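Take a look at the structure below.
The values are calculated or read from the model by the stated rules, or taken from the named source; none is laboratory data. Keep in mind it's a predicted model, so treat the numbers as computed, not measured. Heads up, the Cβs are rebuilt from the backbone with ideal geometry, glycines too, and the neighbour counts pull from every protein chain shown. Accessible surface is based on the protein model in full, side chains and every heavy atom, while ligands, DNA and RNA are left aside. Shrake-Rupley method; radii C 1.70, N 1.55, O 1.52, S 1.80 Å.
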Amino acid sequence: MTRTSALRAGMLASVVLCLPYVAQAQDATQTAPAQPSTTQMAPATPPAPAPTSQAPAETPASQSAQKEAPKPAAEMQAVLDKLQALQVKSFATLTVPEARAQASAADAAHAVQWDKRISSNPEAQVTTKDIKIPSRAGGMAARVYIPGGEGPFPVVVYYHGGGWVVADINTYDAAPRALAMGAHAIVVSVEYRHAPEHKFPAAHNDAWTAYKWIVENIHTLNGNSDKIAVAGESAGGNLAANVALMAKQMKTRQPLHQLLVYPVAGNDMNTDSYKENAEAKPLGKADMEWFVKNTVSSMDQTSDKRLNLVGRDDLAGVAPATVITAQFDPLRSEGEAYADKLKAAGVDVDAKTFDGTTHEFFGMGKVVPQAKAAMDMAVADLTAAFDKAQ
């Protein structure tokens with residue numbers, strides 16, 4: 001476990017144990033909102049008496065205007081509430097070390113799972129092995145998730161999220177573990193270099209290096225490189241998409257399938273979903289601006305075709321894709337747009353936006369029903385791709 005993960009784990013344990021007391025303290029200290037000052041100049045004439053007639057009845061139009069805005073599903077909201085209880089702050093207000101040390105959405109989901117006494121089985125039965133992938137930068141850590149049974153197994157190369165700045169293979173454990181069990185495949189979760197210490201395109205270079213090594217060496221881990229797919233969440237979804245595009249460009253082993261979960265796919269922060277979800281949790285517009293600022297050396301780089309996937313015109317011929325997006329996510333519009341661009345280029349695409357969900361929901365199948373449905377969709381598509389290759 002990395003030092004950051006250890007810090008986060010210790011903080012999570014202490015906060016979860018104290019949650020009942022935190023809630024009591026908040027209730028006890030809550031005060032009424034301050035009232036506006038009543039100091040005014042005396043009126044020159046006595047005020048007119050208040051009208052006694054009743055207000056007109058509300059019209060259907062006014063009632064419609066008062067309807068509540070859409071909200072996350074109850075189970076999703078429970079995770080967001082737990083995230084707030086863990087005192088997680090907006091990335092935009094933190095330094096990079098602070099952002100890396102605080103609790104994650106995955107921690108909040110684990111805490112909800114603990115509160116509900118939900119077993120970690122059967123996914124916990126998937127075994128893991130930590131390896132090191134050689135690279136010019138000195139090697140990359142990776143975690144291999146191995147399902148039960150006899151191989152050789154199909155392979156999924158998985159890239160975690162975190163805006164290329166935060167999180168690691170320890171943070172993103174639930175999704176690769178569930179994919180390994182559901183698709184009955186070896187999943188290799190790759191740790192790439194992070195910004196701002198290693199600016200763009202360091203992570204993209206690492207993603208490609210890892211993919212090439214896995215294709216050439218996965219047989220030593222009982223994997224079948226003839227049945228290989230790529231997958232990723234958020235920034236990792238962008239990396240997975242780029243690996244598929246790079247494989248086409250380099251005329252090397254093309255993955256059979258690409259699983260892209262709310263991928264970073266564009267550089268426009270004025271899309272409909274950015275406007276609708278500017279203040280969303282756990283990811284809002286200011287947070288994405290913070291990630292981009294820490295990742296690129298110059299804002300001009302955001303137009304690079306590796307970041308602005310929706311601006312590309314060379315998508316024909318890449319692997320079939322599953323594109324999963326979340327309703328309350330600034331990245332929803334660009335994920336949907338990328339799915340449409342792939343379809344227009346003749347690529348087979350299975351795309352769905354899951355209502356009631358937020359960014360980071362994908363690995364929360366134990367506590368969020370929509371996450372379980374999204375995982376089932378991903379597993380079905382991966383399994384079909386592997387079966388088709390027989």
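Some points to look at:
- Packing-based ranking of 120-130, 379-389 yields 379-389, 120-130, ordered from highest to lowest mean Cβ neighbour count within 10 Å.
- Residues of region 134-162 with amide N under 20 Å of a point placed 7 Å along Cα→Cβ from N222: 142-158
- Centre separation in Å (Cα based) which lies between region 211-260 and region 279-356: 18 Å
- Note that region 344-352 has calculated 3J(HN,Hα) couplings of 5, 8, x, 8, 5, 9, 10, 10, 7 Hz, one per residue in order, obtained from phi through the Karplus relation 6.51 cos²θ - 1.76 cosθ + 1.60 (θ = phi - 60°); glycine and proline are x.
- A crude spin-label estimate for the pair A74 and K305, with each label 7 Å from Cα along the Cβ direction, gives 4.9 nm.
- In this simple spin-label approximation, A137 and V96 carry label points 7 Å from Cα along the Cα→Cβ vector, and these lie 1.1 nm apart.
- W114-A380 pseudo-label distance in nm [points 7 Å out on the Cα-to-Cβ vector]: 3.4 nm
- Averaged over residues, the count of other Cβ atoms within 10 Å places the peptides 153-159, 293-299 in the sequence 153-159, 293-299, highest first.
- At an R0 of 56 angstrom, the distance between the Cβ atoms of Q84 and K251 translates into a FRET efficiency of 0.70.
- Under the criterion of Cα pairs below 8 Å and six or more residues apart, the relative contact order for region 244-322 equals 49 percent.
- Solvent-accessible area per residue, Å², over region 106-218 with all protein chains present [probe radius 1.4 Å]: 39 Å²
- Put simply, when 303-313, 167-177, 87-97 are sorted by average Cβ atoms within 10 angstrom per residue, most first, you get 167-177, 303-313, 87-97.
- Förster radius 35 Å - calculated FRET efficiency between S297 and K129, Cβ distance, rounded to 0.05: 0.45
- Cβ-derived FRET efficiency at R0 22 Å, K275 paired with K372, nearest 0.05: 0.15
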